[in-house]
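K.L.:
Handing you a structure now.
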Amino acid sequence: MARPRHANSVQIPPRIKGFTPVGYCNGECEPLLLYLEELEVIRLLDYEGLSQEEAARLMQRSRSSVTRIYQRARATIAKALVEGVEVKIESGNGFLNCNWFFCSGCKVRFNNPKGNVTNECVLCGSTEIVKMEGCV
Amino acid sequence: MIVVLPVSVGNESCVLSKKFARSPWFAIVNKGLNRVEYVENPYCRLDTDAGPQVVEYLVDLKKADTFIAFELGYKVQLMAMERDIRIVLLADHLVRPKELTDRILAKR
Ligand SMILES: [Zn+2]
């Protein structure tokens, strides 16, 4: 599939598909969408403590793009937390910067750095593996 | 195949360390030799940039080709990818390293 024009490089696929509020869930609202590139910006800036310049370099985007993505991500997370709305993680304009696979047997995610054909899980040997395009 | 796991202590009773580069010990599984070696991480107490030093130590000195972890810092990820190291990210950090090392050695 062709890469979107404003694609953002993402290092690793997330381990989750989204979040559900505990205790109350605003069922009137459609789940909020948090895109892969938004989660990546949160990971790089808030979890890893990088500067926006460093994150921009890693994601192969301009600093101003990273700022915009970060603002969108924060707004989505804020709305979800305050209003108790479910969040779903979707690919959006993020692309994984190498081949990643998910094993349905042992649930690990693994990459394939040399690009050779991979038809089994490197850990458990299961052949129930799927190529990841974004989320698990 | 030489696989590295970050672990808490240098023996089979260890648990998995959540942070790769700051892990106090590593279990290194050498599939060719059918052996598990436990090595202390010489860089776990560095104030900054433990990740790159750890990758160099494990790849250049210990000849590792696969890292297994619950989570990897971005510097370790980048360096590992640049060096064609395979990364395996676990779904659960409570899995026993002994179970993983046994599984790797048993796999054909
Ligand atoms: Zn598996």
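The values are calculated or read from the model by the stated rules, or taken from the named source; none is laboratory data. Treat the numbers as computed from the prediction; the structure is a model and nothing was measured. A quick note on method: Cβ atoms are made from the backbone with ideal geometry, for glycine too, and the neighbour counts reach across all protein chains shown.
K.L.:
Determine, yes or no, whether A:L36 is touching a strand residue (DSSP E or B) at 6+ places or on another chain (Cβ under 9 Å), in the same structural domain as A:I12 (by TED's automatic domain parsing) and either of a type in the set (F, W, Y) or under 27 Å from B:A80 (Cα atoms) (or both).
P.N.:
Considered against the rule, which asks whether it is touching a strand residue (DSSP E or B) at 6+ places or on another chain (Cβ under 9 Å), in the same structural domain as A:I12 (by TED's automatic domain parsing) and either of a type in the set (F, W, Y) or under 27 Å from B:A80 (Cα atoms) (or both), A:L36 comes out as yes.
K.L.:
Given the condition at the interface with another protein chain (Cβ under 7 Å from one of its Cβ atoms), buried (at least 17 other Cβ atoms within 10 Å of the Cβ) and of a type outside the set (S, T, N, Q), answer yes or no: does some residue in region B:38-60 qualify?
P.N.:
The answer is no, given that none of the residues of region B:38-60 is at the interface with another protein chain (Cβ under 7 Å from one of its Cβ atoms), buried (at least 17 other Cβ atoms within 10 Å of the Cβ) and of a type outside the set (S, T, N, Q).
K.L.:
If you don't mind, there's one more thing I want to ask. Output the strands (runs of 3 or more DSSP E) that fall wholly within region A:19-130 and possess 2 or more residues being within 11 Å of another protein chain (Cβ to nearest Cβ) and of a type outside the set (D, E, K, R), or say none.
P.N.:
Passing ranges, in order: A:100-103, A:109-111.
K.L.:
Further question: Restricting the search to region A:92-119, which residues are touching an Asp or Glu at 6+ places or on another chain (Cβ under 6 Å) and more than 16 Å from the ligand (Cβ to nearest atom)?
P.N.:
A:G92, A:N93, A:G94, A:P113, A:K114
K.L.:
Give me the pairs: first residue in region A:81-103 and among the basic types (K, R), second residue away from the ligand (no atom under 16 Å from the Cβ), beta-carbon distance under 8 Å, and six or more apart or on different chains, which are they?
P.N.:
Within 8 Å, the pairs are A:K88/A:K17; A:K88/A:G18; A:K88/A:P31; A:K88/A:L32; A:K88/A:L33; A:K88/A:L34.
K.L.:
Can you give me the ranges of the helices (runs of 4 or more DSSP H) entirely in chain B with at least 2 residues that are under 14 Å from the mean Cα position of the chain (by Cα) and without any contact (Cβ under 8 Å) to a residue 40 or more places away in the chain?
P.N.:
Ranges flagged: B:50-56, B:74-82.
K.L.:
Yes or no: A:Y47 more than 21 Å from B:A69 (Cβ to Cβ), aromatic (F, W, Y) and free of Cβ contacts under 8 Å to residues at least 60 places away in the same chain?
P.N.:
It is false that A:Y47 is more than 21 Å from B:A69 (Cβ to Cβ), aromatic (F, W, Y) and free of Cβ contacts under 8 Å to residues at least 60 places away in the same chain.
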